[in-house]
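Presented below is the structure to which this report refers.
The values are calculated or read from the model by the stated rules, or taken from the named source; none is laboratory data. As the structure is a prediction and not an experimental result, all values here were calculated from the model. Glycine gets a Cβ as well: all are built from the backbone with ideal geometry, and neighbour counts include every protein chain shown. These accessible areas exclude ligands, DNA and RNA; they are computed on the full protein's heavy atoms, side chains included. Shrake-Rupley method; radii C 1.70, N 1.55, O 1.52, S 1.80 Å.
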Amino acid sequence: MSIGTSKLAICPSCGKPVYFQGSNNLAACACQKVWYRQGDELVPVPMRMLHAPTDIIQPGTTGRWKDVAFTVTGRIRVHFEDNVFNYWTLNCNDGVTRHLAEGYGMYAVCEVLPFKEAVIARKFRSDAQKLRLPDDREFWVTARNEHRLIEVEGNAFVPDLPDRFISIEGSSDSERVELVAYAEDVAVVFACHDIVPEMLFLGNTRDVEPAGRRFSCQNCAATNNVLTYPYAQSWVCNKCETRHSFTGEDYATHGGQHTSSQNFSFTIGERITLEGGNYQFVGMVQKYDIDSRADYWQEYTLFSKLHGFAFLTESDGHWTILKETKNAPAPSDARMHQIDFDNQSFRRFSKYHFRILYALGEFPGNVFSMHEETEAMDYIAPPEILSIEKDYRKRISWFRGKYIRRKVIASQVSQTLPRQVGIAPAQPSWVNMKTESIAKSGIVALLLVVLVQMLTGSSHTNRVIFSSTYVFSDSLNTQTFITEKFELEKWSSALDLDFSSPVENSWLELNATLVNAVDGSEYSMQKGVEFYSGYESGEHWSEGDHDGVIHFTKIPAGTYFLKLTAARDSNMYSQVSVVSAKLIHDAISYRNMWIVMLLALVWPLTLGLSRYYSENTRWGNSPFSNF
């Protein structure tokens, strides 16, 4: 759709000028009539002029999407059964007309796909759960909506004379589309590119505070101003607390509260800054899990002109913020135990239905109608959470959020917040590592220790200075043996004295003294061996060992000899008669390696145990736990 020449037409109803910018063909006159430009003729359409708008975007708002600059020329605001969306017409500098679908804080740039309008129109005659486009791309149908009321601001573009606005939304693993029928045989497919408002670089926006709409309570006649109408279509009377909804021009009441007044941490009208958005509290509810009959939580509805609605939930003193999103997994993923989405793995944590026990303020859509039939599921990848809700009409809504630390909330509220209990589903563990990463770090640490040991061991001589066997005199139980002199050339040496004795139900104690033959300095160490065995209740048992090692460390260079004093068991029937000894210079020692290994494993083990405790506590309340 290329931009044509702007045109000024005369309203057939009042004679005032009606301006059509570029190729736009839909505009409202000051006399409240809405006209469709068909060549040089103006045809009336069953739409209304939008009065006193307060949305942040307005005709004349500028922005940029990718490398394309645009100017907003106008919009059609479509009231569906229980939600309202804006479809802004964008005059783009590349000569193509695009649209910006916007509502409730969700934004998507929409581009028309080149399919025949009559072919697409036939898609609206089916209620199948899957949608196949002419190019064979397949999408899950996530929502079907039919207009109840259409309003126009400024001037906009539609592909043909409109007599309806019916929408089918579809999504796949990587794409999202919206089919819109404007007439019986006129429908188009939009490729929807979801985007956050900050990435549109909007300028010349409208700086007007929402005025809302006043409604009279059907129960007590009190006046209630619904600040965020028409996006909020349900509210609670501020006097008698009767629940109301006004959707598609249909007024309904939904009874009163299901429990007594609650103590909320905030009041209607307060403001809070979360995740880069400045929000106002417009509604608050207490919800109850009617499946488990055990879980209660409070949910606060927040509103920002730029970011739309957000939902701040509090459960057991833990806080989570969620926003509705169209950029979500495929609906088929909602039955899986794990969803891989946006480079993260989300695990299913809960599945439930809820009841609104108590409510104050206003809420987007109609939250009171048959809300107990809504099926909800939560998937977590701390600190993030994905929630999906399927309502009684099988429409699917996805919400994405993250855990908010208590101090972020506490710094913006004067009241005392609820005390934290346990670990919340999306609460990040203080161990910010996966179990697999912890295990890998432990293995890497062990490999590094072994590598260092191998490198340092290769520099050791491991030289045998002497190896001898010494025999006790028959009459002595303690005897001293003196070795030949030997030289230690290194400035600091380590020596291992390996000794053994064939003890059997006896013991041997060896005192080894390394004596400097020049200055007489001594280095003494002592160690013993023992070995016992026998039979008990017909079973053989044994304990002890025949071998021992004495370690000498940091021995200065010099000439030495070794004085060995051996003491044996005095029992002549079990005493040993020999002891063997071998002295190794610059021996490879594995003792330090084992010590370092143990130290290297302390931190991974601490992390692993802490993460296990944290995850075990987290999943303790989930029916989908692997613990």
Note to self: It is to be established whether one or more residues within the range 354-362 are modelled with pLDDT of 90 or more, at negative phi, in contact with a helix residue (DSSP H, G or I) (Cβ under 6 Å, 6 or more places away or on another chain) and open to solvent by 20 Å² or more (accessible area, probe 1.4 Å).
What the structure shows: yes
Check: Is it fair to say TRP594 is at pLDDT below 90, farther than 26 Å from LYS490 by Cα and aromatic (Phe, Trp, Tyr)?
Finding: no
Item checked: Pair list, Cβ under 8 Å, 6 or more apart: the range 300-322 residue of a type in the set (D, E, K, R), other residue open to solvent by less than 10 Å² (accessible area, probe 1.4 Å) and in a strand (DSSP E or B) -> GLU314/TYR300
Note to self: Tally up the residues in the range 170-197 that are without any contact (Cβ under 8 Å) to a residue 60 or more places away in the chain and under 28 Å from ASN343 (Cα atoms), please.
What the structure shows: 3
Next item on the list: Could you grab the pairs with beta carbons closer than 8 Å, sequence gap of 6+ or different chains, first residue in the range 68-87 and open to solvent by less than 20 Å² (accessible area, probe 1.4 Å), second one β-branched (Val, Ile, Thr) and not in a strand (DSSP E or B)?
Entry: VAL72/ILE57; VAL72/THR61; ARG75/ILE57; ILE76/VAL158; ASN86/ILE57
Item checked: Pair list, Cβ < 8 Å and 6+ apart or interchain, from the range 338-355 residues that are free of Cβ contacts under 8 Å to residues at least 60 places away in the same chain to residues that are acidic (Asp, Glu) and open to solvent by 70 Å² or more (accessible area, probe 1.4 Å) -> PHE346/ASP340
Next item on the list: Only residues in the range 256-275 that are of a type in the set (A, V, I, L, M, F, W, C) count as the first member; pair them with residues that are open to solvent by 70 Å² or more (accessible area, probe 1.4 Å), Cβ under 8 angstrom, at least 6 apart or cross-chain, and list the lot.
Entry: PHE266/GLN415; ILE272/ASN278
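It is to be established whether one or more residues within the range 129-152 are closer than 20 Å to ILE195 by Cβ, out of contact with any Lys or Arg (no Cβ under 8 Å at 6 or more places or on another chain), at pLDDT below 95 and not hydrophobic (A, V, I, L, M, F, W, C). Write out each step before concluding.
Going through the range 129-152, the residues closer than 20 Å to ILE195 by Cβ turn out to be 139, 142-143.
Filter again for out of contact with any Lys or Arg (no Cβ under 8 Å at 6 or more places or on another chain), leaving none.
No: the range 129-152 contains no residue that is closer than 20 Å to ILE195 by Cβ, out of contact with any Lys or Arg (no Cβ under 8 Å at 6 or more places or on another chain), at pLDDT below 95 and not hydrophobic (A, V, I, L, M, F, W, C).
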Item checked: For LEU8: the one exception among (1) open to solvent by 50 Å² or more (accessible area, probe 1.4 Å); (2) part of a loop (DSSP other than H, G, I, E, B) -> (2)
Note to self: Can you tell me which condition HIS147 does not meet? The list is (1) of a type outside the set (A, V, I, L, M, F, W, C); (2) open to solvent by 10 Å² or more (accessible area, probe 1.4 Å); (3) out of contact with any strand residue (DSSP E or B) (no Cβ under 6 Å at 6 or more places or on another chain), and all the others hold.
What the structure shows: (3)
Next item on the list: Return yes or no: is THR273 within 30 Å of the chain's Cα centre (by Cα), at pLDDT 90 or above and either open to solvent by 20 Å² or more (accessible area, probe 1.4 Å) or of a type in the set (Lys, Arg) (or both)?
Entry: yes
Note to self: Among the numbered criteria (1) part of a strand (DSSP E or B); (2) of a type outside the set (Asp, Glu); (3) at pLDDT below 95; (4) open to solvent by 50 Å² or more (accessible area, probe 1.4 Å), which one does ARG37 miss?
What the structure shows: (4)
Next item on the list: Please go through the range 220-260 and pick out each residue that is in contact with an Asp or Glu (Cβ under 9 Å, 6 or more places away or on another chain), under 26 Å from TYR288 (Cα atoms) and either part of a strand (DSSP E or B) or open to solvent by 70 Å² or more (accessible area, probe 1.4 Å) (or both).
Entry: VAL226, ALA232, GLN233, SER234, TRP235, VAL236, SER245, THR247
Note to self: When the residues of the range 73-98 are narrowed to those that are more than 17 Å from GLY308 (Cβ to Cβ) and of a type in the set (A, V, I, L, M), which ends up nearest to the chain's Cα centre (by Cα)?
What the structure shows: LEU90
Next item on the list: Hand me the list of strands (runs of 3 or more DSSP E) wholly inside the range 465-548 holding 3 or more residues that are open to solvent by 80 Å² or more (accessible area, probe 1.4 Å).
Entry: 486-500, 522-536, 539-545
Next item on the list: Would you be able to tell me the number of residues in the range 151-204 that are out of contact with any strand residue (DSSP E or B) (no Cβ under 7 Å at 6 or more places or on another chain) and buried (at least 18 other Cβ atoms within 10 Å of the Cβ)?
Entry: 2
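Got a sec? Which of GLN344, GLN338, GLN415 is closer than 25 Å to SER292 by Cα, surrounded by fewer than 18 Cβ atoms within 10 Å (Cβ to Cβ) and of a type outside the set (Gly, Ala, Ser)?
Unique residue meeting the criteria: GLN338.
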Notebook entry, point to check: Can ASN343 be described as over 30 Å from VAL141 (Cα atoms) and not acidic (Asp, Glu)?
Noted result: no
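Can ARG122 be described as open to solvent by 60 Å² or more (accessible area, probe 1.4 Å), modelled with pLDDT under 95 and either of a type in the set (Ser, Thr, Tyr) or outside any loop (DSSP other than H, G, I, E, B) (or both)?
Numbers: open to solvent by 60 Å² or more (accessible area, probe 1.4 Å): yes; modelled with pLDDT under 95: yes; either of a type in the set (Ser, Thr, Tyr) or outside any loop (DSSP other than H, G, I, E, B) (or both): yes.
Yes, satisfied.
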Note to self: ASN327 - would you say it is surrounded by fewer than 19 Cβ atoms within 10 Å (Cβ to Cβ) and under 24 Å from ALA232 (Cα atoms)?
What the structure shows: yes
